[in-house]
Amino acid sequence: MMPPPKDRQRLRQLHAMLGSSNAGERENAWKKVVAWLRKHGKTWNDLPELLHDETAPSRTDPRDVDPSQPVGSNVTPLDLVRAFLQDYVEIDPHEYVATQGRPTHDQGAKSG
């Protein structure tokens, strides 16, 4: 049986304090989480379900797209490289052009 929402909210607060930079606060939170789990007959394996807050707004990745929709017929390999760089590499916008051209330039130099 799932504990009441108020009790689960308290568990979420305690769980957040496990990441405290203050060692005393961290240790105290650990003891309270262990006591909370014992009181409710739960284990550490139950934490993901217990910590889930169904009242929180849904978090979706804005990069997710509907896979049933086509991306587009005019996407080039450089478009893919640029999209990858924008998502995963932190550089200034004007540096994307130089970064995108570099692999193409190096490849041409090797085959020449």
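Hey, can you tell me all the residues within the range 74-101 that are surrounded by fewer than 11 Cβ atoms within 10 Å (Cβ to Cβ) and either at pLDDT below 60 or not in a helix (DSSP H, G or I) (or both)?
Scanning the range 74-101 gives Asn74, Thr76, Val89, Glu90, Asp92, Pro93, His94.
Looking at (1) modelled with pLDDT of 95 or more; (2) surrounded by 14 or more Cβ atoms within 10 Å (Cβ to Cβ), which one does Lys31 not meet, given that it meets all the others?
(2)
Quick check on Lys42: is it surrounded by 11 or more Cβ atoms within 10 Å (Cβ to Cβ), modelled with pLDDT of 90 or more and assigned to a loop (DSSP other than H, G, I, E, B)?
Values: surrounded by 11 or more Cβ atoms within 10 Å (Cβ to Cβ): yes; modelled with pLDDT of 90 or more: yes; assigned to a loop (DSSP other than H, G, I, E, B): yes.
Yes, satisfied.
The values are calculated or read from the model by the stated rules, or taken from the named source; none is laboratory data. Here the structure is a predicted model, which is why all the values come from computation and not from measurement. Heads up, the Cβs are rebuilt from the backbone with ideal geometry, glycines too, and the neighbour counts pull from every protein chain shown.
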